[in-house]
Amino acid sequence: MKRFFDTELETFRSHLVLMGETSIRQVRDAIKALVTADIALADRVIAADDEVDQLEISIDDEAIRYMNLRSPVATELRFVIVGMKASHDLERVGDEASNIAKRAVKLAAEPPLKPYVDIPRMAGIALEMLQDALDCFLHTDADKAIAVIRRDSEVDAINRQLYRELSSFMIEQPGTISRALELMFISKSLERIADHATNIAEEMVFLAQARDIRHTDELKKSPLDA
Amino acid sequence: MTSPTATHFAPRPGLGRTWERGALWLFRVATYFIVLCGAFVFGQIFWRGAPTVFTAHAPFVNVAFFTEAPESLHVFAYQGEKMELGDRAFNAFKAAHADAGAIKDDSYVYSAGGIFPCIVGTMLLVAGSMGIALFLGVSSAIYLNEYARDSAFVRFIRLAILNLAGVPSIVFGLFGFGMFVIFFGWNVSLLAGWFTLAFMVLPVVITASEESLKAVPKGFREGSLALGATKWQTIRKNVLPYALPGILTSSILGIARVAGETAPIMFTAAYVVRDKLPWEGLEKWTDFFFQGVMALPYHIYVVSSKIPQNEYTARVQYGTAFVFLLIVALIASTSIVLRSRLRNRYKW
Amino acid sequence: MSAATLSPMERLPAPPPSSPSLAVAPVAAMSAPAADLPPSRPIIDIDHVDFFYGQSQALHDVSLRLDEKKVTAFIGPSGCGKSTLLRCLNRMNDLIDGARVAKGSIRIRGIDIHAPAVDVIELRKRVGMVFQKSNPFPKSIYENITYGLRLQGVKDKGRLDAVVEKSLRGAALWDEVKDRLHASGLGLSGGQQQRLCIARAIAVEPDIILMDEPCSALDPISTSKVEELIHELKKEFTIVIVTHNMQQAARCSDQTAFFYLGRLIEFAATRTIFMNPSNPQTEAYVSGRFG
């Protein structure tokens, strides 16, 4: 039996997907602006952050309205709650994208410290994680979500490696300090994006199985930590 | 759609309106006709019975008519005066006047005295048959409505009861005569009359009782049973008290109706004349039940068709009918008062 | 890119693959306490019950165990058999022609309530009932409450007075009616009448109270009072409540049984039923997609 307010839920879901796709595109564009030293692209990313913020506001509004008036239970209730939480994570992802873009503008003025290899790789992993996590809004799949959580440590590892690398640059060549710091912050931003993807994936497990796996550590162990 | 104008709701000519008025008048006239007939009957009885029942001087009521037994009326001329005297007065007159022995009188039976034995007899018949009918009727209504499971047999019983209501009163009279008077050997007696009348009113009592029991909400029964009451406890404490107003009202009205029947009692309980009142001259107390009584409807019947008619008997006929109507009205209003008082006590 | 250009999307995510498919679930192996509840003593054990009204079967192989001093809600669309099962528990169905438990047994504290040695009168003293339509008797409040005890032959005025006060306090009605105990119970408002019926039921100190849609005729304030009361009563009584109001089941009950077409579809902690039901039919019903 279809209900007259089912469309509200569909609108909510499509806004979530749109927000996910927008923030992924923002991150991708920010990294592209960094690699290609494209200031115009970076400026567009910074300007577009507003779009993500607006989506968050409308998603929150829809979720509150739905909970208030439609009294969702079971899967629907979990969906609305998870959607609301995910929108906060996505908004943070958008902020990180804009941070990266701002740093890309600064770095574009100077020659690159070294060829950008690790950072695009890291971004690739983080965005894949994000994409996989968000896919669960369309096809609930706890296993896929758990796989996302497990990959978080890959990103952490690259972040630590970049940190060591950039530290040694700074020690050896003090003239690179400002550029190395910017890159460190960018790396940190990507690591945060992966964390947000992990958060969303954890919510997806809750959506699929009504099971709260946050702060349990059991799933965080990955082959890389062993 | 056009917007409403001033004539939007104006009447439109058509056959429908004509029929409407025609139907209204048909129903109205039919109703007034019934009222008219009723008024004519009551007016006739009142108009012609009142001179017998009431008097022009204090105490304005013809006490003798209510308290004395029927007597023959003796009409004669004495010393140029026309005299109308009842049996006892006539005998006293003859005793007082030595020359009265030669009087030639015309006597008219039942045309003097009163109808006290008839009133008493009717009251006794009503009370006794009501007791029997209520006991049997309510019992069987409780059985049918509360205990019996719906089955072909129970449906057959219900059908039989309904059919009983359509049986003519004379058949009840014959049944009572065959059953109680002859087969049980009760002779023409109060008891035979009671049972005959009770059987006649039973369909009314059972139907009314069933309806009244059905009108008691199911929740009263379920609530009581759910508290651990037995079925009988539930019926006694939580169903019957609320059904009683309805049962009594309908039953009493039914009895009042049956009390007017002549046919069922003329073979079973009524005497044309009986000089003793029911409580006089009993050898043992059980004799009370096995004596015949005079009764108002039978008296009317006898006075108006079994004796030569004349101006004197007409007086008695209308007087008796008037009293009879009064008594029936009294019973009916008792039931109405009873109902309203019980209803106030048990309202839901 | 806008929402409108998104690829057509599925409806809600399918139920988790880990949950067993129980479509028209023959929940046969479910004579177990509701899942994920702390252990408690079962008081009612319904074991593979088939129930018939004449020729038509109203319950199919229903098994469930209800715990002592817990509130169990029976939910399901009209005609799903939840009221029938409720009325089996104090054998109110005995009053209906042709109604019978054809198979299985119902045990209360281990005693089969259909055993010949069980007197239905005694059973109903232990298993009280509150009906959908509040049915105070057209007697005084005092007489309503003492009705059950008087049936049992209690005449001691002091004891009756004490029970009246205790029951009315228990039903959260004492303060409202203490000055008019001898006024008719029908003079009370709808919600008060229903609480009077609850007071009447607890006056005979049953173990179990069955409630058949007790709030369906009440306004929201009266409803919340009755729900409040249910929450209090479960300290002393085991309560089984049939309700059409899903929110009510969610608010009042500890465990919930969902019935559909005379079968028990799912029985679990209320939390589970409303957060993560394992059966798609349950989910569809609690989220208002059918029924």
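The values are calculated or read from the model by the stated rules, or taken from the named source; none is laboratory data. The structure presented is a predicted model; accordingly, all values stated were derived computationally and were not measured. Ideal geometry is used to build each Cβ from the backbone, glycine not excepted, and the neighbour counts take in all protein chains shown.
Anything in region B:263-288 that is touching a residue at least 40 places away in the same chain (Cβ under 8 Å) and under 19 Å from B:Ile170 (Cβ atoms)? List them, or say none. Walk me through it before giving the result.
Just the residues of region B:263-288 that are touching a residue at least 40 places away in the same chain (Cβ under 8 Å), to begin with: B:263-271, B:273-275, B:277-278, B:288.
Result: B:Ala263, B:Pro264, B:Ile265, B:Met266, B:Phe267, B:Thr268, B:Ala269, B:Ala270, B:Tyr271.
Does region C:199-253 hold any residues that are of a type in the set (Asp, Glu), closer than 21 Å to C:Ser189 by Cβ and touching a strand residue (DSSP E or B) at 6+ places or on another chain (Cβ under 8 Å), and which are they?
Within region C:199-253, C:Asp212, C:Glu213 meet the criteria.
Return the residue satisfying two criteria in turn: it lies in region C:174-188 and is over 21 Å from C:Ser224 (Cβ atoms), within 14 Å of chain B (Cβ to nearest Cβ) and of a type in the set (A, V, I, L, M), and of such residues it is surrounded by the most Cβ atoms within 10 Å (Cβ to Cβ).
C:Leu186
Pick from region A:53-66 the residues that are closer than 18 Å to A:Glu203 by Cβ and more than 13 Å from chain C (Cβ to nearest Cβ): which of them is surrounded by the fewest Cβ atoms within 10 Å (Cβ to Cβ)?
Step one: filter region A:53-66 for residues closer than 18 Å to A:Glu203 by Cβ, giving A:55-56, A:59-60, A:62-64, A:66.
From the residues that got through so far, the ones that are more than 13 Å from chain C (Cβ to nearest Cβ) too are A:56, A:60, A:63-64.
Values: A:Glu56: 21, A:Asp60: 15, A:Ala63: 22, A:Ile64: 12.
Top of the filtered list is A:Ile64.
Keeping to region B:103-117, report how many residues are in a loop (DSSP other than H, G, I, E, B) and surrounded by fewer than 20 Cβ atoms within 10 Å (Cβ to Cβ). Show your work before the answer.
Initially, region B:103-117 is screened for residues in a loop (DSSP other than H, G, I, E, B), giving B:103-104, B:114-115.
Checking the rest, the ones that are also surrounded by fewer than 20 Cβ atoms within 10 Å (Cβ to Cβ) come to B:103-104.
So the answer is 2.
Give the residue that is nearest to C:Leu196 (Cα to Cα), with candidates limited to residues of region C:113-145 that are of a type in the set (D, E, K, R) and more than 9 Å from chain B (Cβ to nearest Cβ).
Here the residue is C:Glu143.
Restricting to region A:108-149, count the residues that are under 18 Å from A:Leu181 (Cα atoms) and either buried (at least 23 other Cβ atoms within 10 Å of the Cβ) or within 14 Å of another protein chain (Cβ to nearest Cβ) (or both). Steps first, answer last, please.
Kept after step one, since they are under 18 Å from A:Leu181 (Cα atoms), are these residues of region A:108-149: A:108-120, A:122-123.
Of the ones still in play, those that are also either buried (at least 23 other Cβ atoms within 10 Å of the Cβ) or within 14 Å of another protein chain (Cβ to nearest Cβ) (or both) are A:122-123.
Qualifying residue count, region A:108-149: 2.
Give just the number: which of (1) over 20 Å from B:Thr230 (Cα atoms); (2) at the interface with chain B (Cβ under 9 Å from one of its Cβ atoms); (3) part of a helix (DSSP H, G or I) does C:Ala201 not satisfy?
Here C:Ala201 meets the rest and fails (1).
Residues of region B:52-64 being surrounded by 14 or more Cβ atoms within 10 Å (Cβ to Cβ) and over 16 Å from B:Phe116 (Cβ atoms), which ones?
Those that are surrounded by 14 or more Cβ atoms within 10 Å (Cβ to Cβ) and over 16 Å from B:Phe116 (Cβ atoms): B:Phe54, B:Thr55.
Identify the single condition in (1) over 17 Å from B:Cys118 (Cα atoms); (2) without any contact (Cβ under 8 Å) to a residue 60 or more places away in the chain; (3) touching a Ser or Thr at 6+ places or on another chain (Cβ under 7 Å) that B:Tyr312 does not satisfy, given that it satisfies every other one.
Just one mismatch for B:Tyr312, condition (2).
I want to confirm something. Restricting to region A:163-218 and keeping residues that are more than 14 Å from chain C (Cβ to nearest Cβ) and among the acidic types (Asp, Glu), which single residue is surrounded by the fewest Cβ atoms within 10 Å (Cβ to Cβ)?
It comes out as A:Glu218.
Confirm whether B:Ser189 is away from chain C (no Cβ under 14 Å) and more than 29 Å from B:Ile170 (Cα to Cα).
Answer is no for this residue.
Just checking, does region B:249-266 include any residue being farther than 16 Å from B:Val126 by Cα and in the same structural domain as B:Phe175 (by TED's automatic domain parsing)?
Within region B:249-266 (the criterion being farther than 16 Å from B:Val126 by Cα and in the same structural domain as B:Phe175 (by TED's automatic domain parsing)), the answer is no, since none of the residues qualifies.
Here's the yes/no breakdown for (1) surrounded by fewer than 19 Cβ atoms within 10 Å (Cβ to Cβ); (2) away from chain C (no Cβ under 14 Å); (3) touching a His at 6+ places or on another chain (Cβ under 7 Å); (4) closer than 30 Å to C:Met211 by Cβ:
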site: B:Thr230; (1), (2), (3), (4): yes, no, no, yes
site: B:Ala259; (1), (2), (3), (4): no, yes, no, no
site: B:Gly281; (1), (2), (3), (4): yes, yes, no, no
site: B:Trp285; (1), (2), (3), (4): yes, yes, no, no
site: B:Ala295; (1), (2), (3), (4): no, yes, no, no
site: B:Tyr298; (1), (2), (3), (4): no, yes, no, no
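Would you please name the residue that is nearest to C:Glu122 (Cα to Cα), looking only at residues in region C:152-192 that are in a loop (DSSP other than H, G, I, E, B) and aliphatic (A, V, I, L, M)?
Ranking the qualifying residues of region C:152-192, first place goes to C:Val154.
May I ask you to say which residue of B:Gly254, B:Gly223, B:Gly219 is surrounded by fewer than 22 Cβ atoms within 10 Å (Cβ to Cβ) and either away from chain C (no Cβ under 14 Å) or part of a helix (DSSP H, G or I) (or both)? Steps first, please.
On the way: B:Gly254 fails: surrounded by fewer than 22 Cβ atoms within 10 Å (Cβ to Cβ); B:Gly223 fails: surrounded by fewer than 22 Cβ atoms within 10 Å (Cβ to Cβ).
Every option except B:Gly219 fails the conditions.
For a quick check of your reading of the model, give me the residue pairs whose first member lies in region A:69-80 and is more than 7 Å from chain C (Cβ to nearest Cβ), whose second is of a type in the set (Gly, Ala, Ser) and part of a helix (DSSP H, G or I), with beta-carbon atoms closer than 8 Å and at least 6 apart or on different chains.
As it stands, the answer is A:Val80/A:Ala63, since those pairs meet every condition given.
Table: residues versus (1) at pLDDT below 80; (2) among the aromatic types (Phe, Trp, Tyr); (3) over 19 Å from the mean Cα position of the chain (by Cα).
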| residue | (1), (2), (3) |
| --- | --- |
| B:Ala263 | no, no, no |
| B:Lys276 | yes, no, yes |
| B:Trp285 | no, yes, yes |
| B:Leu296 | no, no, no |
| B:Lys306 | yes, no, yes |
| B:Tyr318 | no, yes, no |
| B:Leu325 | no, no, no |
| B:Leu330 | no, no, no |
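Filter region B:232-251 for residues that are within 14 Å of another protein chain (Cβ to nearest Cβ) and among the hydrophobic types (A, V, I, L, M, F, W, C); which is surrounded by the fewest Cβ atoms within 10 Å (Cβ to Cβ)?
Selected residue: B:Trp232.
From the list B:Val120, B:Val171, B:Val167, B:Val154, pick out the single residue that is within 30 Å of B:Arg88 (Cβ to Cβ) and either in a helix (DSSP H, G or I) or away from every other protein chain (no Cβ under 14 Å) (or both).
B:Val120
Can you tell me which residue is surrounded by the most Cβ atoms within 10 Å (Cβ to Cβ) among those in region C:249-291 that are within 14 Å of the chain's Cα centre (by Cα) and among the charged types (D, E, K, R)?
It comes out as C:Asp254.
Quick one: A:Ala37 ticks every box in (1) at the interface with another protein chain (Cβ under 10 Å from one of its Cβ atoms); (2) at positive phi; (3) surrounded by 15 or more Cβ atoms within 10 Å (Cβ to Cβ) except a single one, so which number is it?
Condition (1) is where A:Ala37 drops out.
Looking at B:Leu125, B:Leu159, which one is surrounded by 18 or more Cβ atoms within 10 Å (Cβ to Cβ) and either part of a helix (DSSP H, G or I) or without any contact (Cβ under 8 Å) to a residue 60 or more places away in the chain (or both)?
On the way: B:Leu159 fails: surrounded by 18 or more Cβ atoms within 10 Å (Cβ to Cβ).
Answer to the check: B:Leu125.
State the number of residues belonging to region C:151-173 that are modelled with pLDDT of 90 or more and either closer than 22 Å to C:Ile241 by Cα or within 14 Å of chain B (Cβ to nearest Cβ) (or both).
Of the residues in region C:151-173, 3 are modelled with pLDDT of 90 or more and either closer than 22 Å to C:Ile241 by Cα or within 14 Å of chain B (Cβ to nearest Cβ) (or both).
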